[in-house]
Amino acid sequence: MGKLCKYRKNYIKRIIYLILVILWMTAVFFFSEQNGDESSKVSNETTKAIVQFSKNSSDSLVERVNPYIRKLAHYSLYTVGGILIYLLFKTFKIYQIKQILYSFIFGFLYACSDEIHQIFVPHRSAMVRDVVIDSLGVLTGIIILVVLNRFKNKYFYSNKNKLMGEKDVK
């Protein structure tokens, strides 16, 4: 019964992570679906909101900072994607290196498809630089979870064993 319950729990996790990945992909698709004018308006408003906290808030500052805010948005969005994709692949019984590799490939291919999609959107274009930024975001999300998982395994489980009176296993 214990093994079946563990299998069912893993299956439920897989379904939840799959739904979250699909929702993330849908959000990316709709951001990419905005024509160039809509996209520029949204990023300008976001940049103005961020810049207003600066002492030197001006239109020229907004113009200078806006491209970096846009790229940071790409990077951040794909970092979230990397986390979600990796969580999904962790539900499969494969070696961790394959989980990492498959997650990165999936994220990279989605970044490529996102840029190809933008070719067909008015006033938008595909940029290799954006694929690189998106892929670095995916990689960052994966690395964050790998590091957190190692930290959890090293410190949480070793401290849990000490609390239960077990010896440290090295």
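As a fraction of the 1.4 Å probe accessible area of the chain, surface on carbon and sulfur atoms comes out at 67 percent. One chain, two ends: Thr46 and Ile16. Fully extended at 0.36 nm per residue, the span grows by 7.7 nm beyond their Cα-Cα distance.
Tell me the label only: which of (1) 12.5; (2) 10.1; (3) 14.1 is mean projected area of the Cα convex hull in nm² as calculated from this structure? Correct label is (3). Below 12 angstrom from the Cβ of Gln99, what's the summed charge of the other residues (Lys, Arg +1; Asp, Glu -1)? Residues near Gln99 contribute +3 overall. Local charge for Gly141 was computed over the other residues whose Cβ lies under 13 Å away, with Lys and Arg +1 and Asp and Glu -1, and equals 0. Based on protein heavy atoms only, the chain ends up with 70 Å² per residue of surface accessible to a 1.4 Å probe.
For the chain, what is the calculated [θ] at 222 nm in deg cm²/dmol (nearest 500), taking -39500 (n - 2.57) for each run of four or more DSSP H residues and dividing by its residue count?
Computed ellipticity for the chain at 222 nm equals -28000 deg cm²/dmol.
Each Lys and Arg Cβ is given +1 and each Asp and Glu Cβ -1; about its Cα centre, the chain then shows a dipole of about 1520 debye.
If the segment from Ser58 to Lys71 were pulled out straight at 0.36 nm per residue, it would be longer than the present Cα-Cα gap by 2.6 nm. Sequentially through the stretch 85-95, phi angles give Karplus couplings (6.51, -1.76, 1.60; θ = phi - 60°) of 5, 5, 4, 4, 5, 5, 7, 9, 7, 9, 4 Hz, Gly and Pro residues having no value and appearing as x. The Cβ shell under 10 Å around Asp114 holds other residues with a net charge of -3, Lys and Arg each +1, Asp and Glu each -1. Quote the relative contact order of the stretch 1-145 in percent (integer), defining contacts as alpha-carbon pairs under 8 Å separated by 6+ residues. This gives 32 percent for the stretch 1-145.
Restricting the chymotrypsin sites (Phe, Trp or Tyr not before Pro) of the stretch 24-92 to loop positions (DSSP other than H, G, I, E, B) with no more than 16 neighbouring Cβ atoms within 10 Å leaves Phe53, Phe92. Per the Cα gyration tensor, the stretch 89-156 maps to an equivalent ellipsoid with semi-axes of 31, 13, 8 Å, ordered largest to smallest.
The values are calculated or read from the model by the stated rules, or taken from the named source; none is laboratory data. A quick note: this is a predicted structure, and the numbers were derived from the prediction, not measured. Here the Cβ is made from the backbone with ideal geometry for all residues, glycine too, and neighbour counts use every protein chain on show. Note: accessible area is taken over every heavy atom of the protein model, side chains too, but ligands, DNA and RNA are not part of it. Shrake-Rupley method; radii C 1.70, N 1.55, O 1.52, S 1.80 Å.
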